[in-house]
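> There's a structure below that I have some questions on.
The values are calculated or read from the model by the stated rules, or taken from the named source; none is laboratory data. Please read these numbers as outputs of a predicted model, since none were measured by experiment. Cβ placement follows ideal geometry from the backbone for every residue including glycine, while neighbour counts extend to all protein chains displayed. Note: areas computed on protein heavy atoms with side chains; ligands, DNA, RNA excluded. Shrake-Rupley method; radii C 1.70, N 1.55, O 1.52, S 1.80 Å.
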Amino acid sequence: MISVDNLAVEFSGSTLFSGVSFTINENDKIALMGKNGAGKSTMMKIIAGEQRPSRGSVRFPKDAVIAYLPQHLLTEDHNTVFEEASKAFQHVFEMRAEMDNLNQQLETRTDYESDDYMNLIQRVSDLGEKFYALEDVNYDAEVEKALRGLGFKREDFARKTSEFSGGYRMRIELAKILLQKPDLILLDEPTNHIDIESVIWLEDFLVNKAKAVMVISHDRAFIDNITNRTIEVTMGRIYDYKANYSHYLQLREERRAHQIKAYQEQQKFIAETQAFIERFKGTYSKTNQVNSRERMLEKLEIIEVDEIDTSALKLRFPPAQRSGDYPVTVKDLSKSYGGKVVFKNANMSISRGEKVAFVGRNGEGKSTMIKAIMGEIEVEGQCQLGHNVKVGYFAQNQASLLDEGLTIFQTVDEVAQGDIRTQIKNILGRFMFKGDDIDKKVSVLSGGEKTRLAMVKLLLEPVNLLILDEPTNHLDLKSKDVLKEALMDFDGTLILVSHDRDFLQGLAKKVFEFKDQRVIEHFETIDDFLVRNRLENLKAIDLQ
């Protein structure tokens, strides 16, 4: 369907990738993988037509529709949510308006024999053939279903897009893409700003209703559930696997094992050949053999072993004093903003050492409850921290709170105290800030780098209660794995808000669900909770 032929991207004398060719077929669900900086987003932009390659081309049928959702995109501010989402059908509305205009001209004009009138009839015929061939669709209903599935409420439809956060604006753009029913959907980190229920809805849509899909994502559960093919970008080339992400990891390890074996055998052959050349160089009877082997070595194509991203985020939470038996106690807690009730009469008791997850749609009160626990907002009812509780708090906007005028080193040095100051470089090294990196200004860091730096600040002091609000946004898979491992070993109490199911699985042993102004306690793991709720959520969204 769509053909990528011999793509190459070069800049500043270096090659990002070259000789990249593959075909995207109808119903392919592709995960585009590779370490940060390998060229994934660049390749996706080229396929979307947003960027030109140094060489090569992307070919697709004339009428093919390719829709692209980048990581960062804002909608126009003067439209309502419903109006903005309805732009997905703008071409249909324009076609309908033109049909009405042409038919009105046919009714009023009397120059039946003129060339203009004949051309008008031909235009009506051509346009009518396209217009009436369109599927009979209730466009308003389709827009409503998409917006509801992505977490909007009916009362949100008439609100201006300017009233919403960047994450919700991204959802509007995603709704527009899904409503177009394109031949190829390109998604760059689509789950960063949507809650678990919306991710489940999106998965169902992409698997059962979308045509071809290519996605870049650090959400392992998401890409595992939707993809049937993985294209890895590594060392300037690609490997194409007919497998989802988890299976691809196994196949990649097998590939590297074969590469290592072939590389070792080749290196042995090279060493033996060079030893022969050195031994018999200058020996008249061996001249032809020496020359032959020298030419053979010159022409030999050296086997490369695919690189592995060996950088690792080394998280170790320092030991802290023991807290009381119940670090967090909430009794009959209520919170409203104006006339909007977020939750009422909520009760919660979290024991020392428990790891709990807050789940629910965005806007149902998860972050509000955390602010109440932190004492950042006024509430009705009781919300208490237990005896000897030392809190470590990572907010959703923690990375954006960094001083962009400081360097990485200065950022940490500013908060470090005592002997820890002598270890700043070692600590930063564990967080993948090495060498000259520590002198970079915060302003030039990526979202993931800022998140890691904010995490360093959090971990400088020992805590026994960790409260993490979406800590994995902008973290790559490697960083998330190491962070999760550290949290599994953390012997304090953990409250975790995250839409990343793979990150939550095996970590949270109890779930507090925020729904319909209530906080519901579930004595089950996040795995059990999601299995039990998946079908119920999808059914509820479809009926609304």
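> Determine the share of the range 354-480's accessible area contributed by carbon and sulfur atoms, expressed in whole percent, with a 1.4 angstrom probe. Don't skip to the answer; put the middle values down first.
Details: 2420 of 5810 Å².
That share works out to 42 percent.
> Can you give the % of DSSP beta bridges in the chain that are antiparallel, to the nearest 5? Before the final figure, lay out the partial values.
On the way: 35 of 68 bridges.
So the antiparallel bridges amount to about 50 percent of the total.
> So how exposed is Arg421, as accessible area in Å² (1.4 Å probe, rounded to 10)?
120
> Given points 7 Å out from each Cα along the Cα-Cβ axis, report the Val207 to Ser3 separation in nanometres with one decimal.
Label at Val207, label at Ser3, 3.3 nm between them.
> If the limit is 28 Å between Cα atoms, which of Lys366/Lys457; Lys62/Lys181; Lys160/Lys211; Lys211/Lys480 go over it? Show your work: numbers first, answer last.
Details: Lys366/Lys457 23 Å; Lys62/Lys181 16 Å; Lys160/Lys211 31 Å; Lys211/Lys480 30 Å.
As for pairs spanning more than 28 Å Cα to Cα, those are Lys160/Lys211; Lys211/Lys480.
> What nm value, rounded to one decimal, do you get for the distance between Lys340 and Glu404 when each label is placed 7 Å out toward the C-beta?
2.7
> Between Glu50 and Phe276, what is the FRET efficiency for a Förster distance of 41 Å, r being their Cβ-Cβ separation, to the nearest 0.05?
That pair, Glu50 with Phe276, gives E of 0.15.
> Any chance you could run the full-extension gain for Glu301 through Gln104? It's 0.36 nm times the residue separation minus the Cα-Cα distance, nm to one decimal.
Numbers: separation 197, 0.36 × 197 = 70.92 nm, distance 7.14 nm.
Length difference between fully extended and current span is 63.8 nm.
> On average, how much accessible surface per residue is there in the chain, in Å², for a 1.4 Å probe, leaving out ligands, DNA and RNA?
Numbers: 27790 Å² over 544 residues.
Solvent-accessible surface per residue comes out at 51 Å².
> A follow-up question, please. Round to the nearest 10 and report in Å² the accessible area of Thr80, as given by a 1.4 Å probe over the protein chains' heavy atoms.
Solvent-accessible area, nearest 10 Å²: 20 Å².
> Just to confirm the filter: which GluC sites (Glu not before Pro) across the range 363-429 are DSSP coil and have at most 10 other Cβ within 10 angstrom of their Cβ? Can you show the working numbers first?
On the way: sites: Glu364, Glu376, Glu378, Glu380, Glu404, Glu414; in loops: Glu364, Glu376, Glu378, Glu404, Glu414.
Here the sparse-neighbourhood loop sites are Glu378, Glu414.
> Could you pull out the pairs from Lys390/Lys441; Lys130/Lys209; Lys29/Lys130; Lys45/Lys130; Lys344/Lys515; Lys145/Lys335 whose alpha carbons sit more than 20 Å apart here? Could the numbers behind the result be given before it?
Numbers: Lys390/Lys441 30 Å; Lys130/Lys209 23 Å; Lys29/Lys130 29 Å; Lys45/Lys130 30 Å; Lys344/Lys515 11 Å; Lys145/Lys335 29 Å.
Table pairs above 20 Å Cα-Cα are Lys390/Lys441; Lys130/Lys209; Lys29/Lys130; Lys45/Lys130; Lys145/Lys335.
> Roll a 1.4 angstrom probe over the protein heavy atoms and tell me the percent of accessible area of the range 89-135 that is carbon or sulfur.
48
> With a 1.4 Å probe and every protein chain kept in, tell me what percent of the accessible surface of the range 248-299 is carbon plus sulfur.
Values: 1970 of 4050 Å².
Ligands and nucleic acids excluded, carbon and sulfur give 49 percent.
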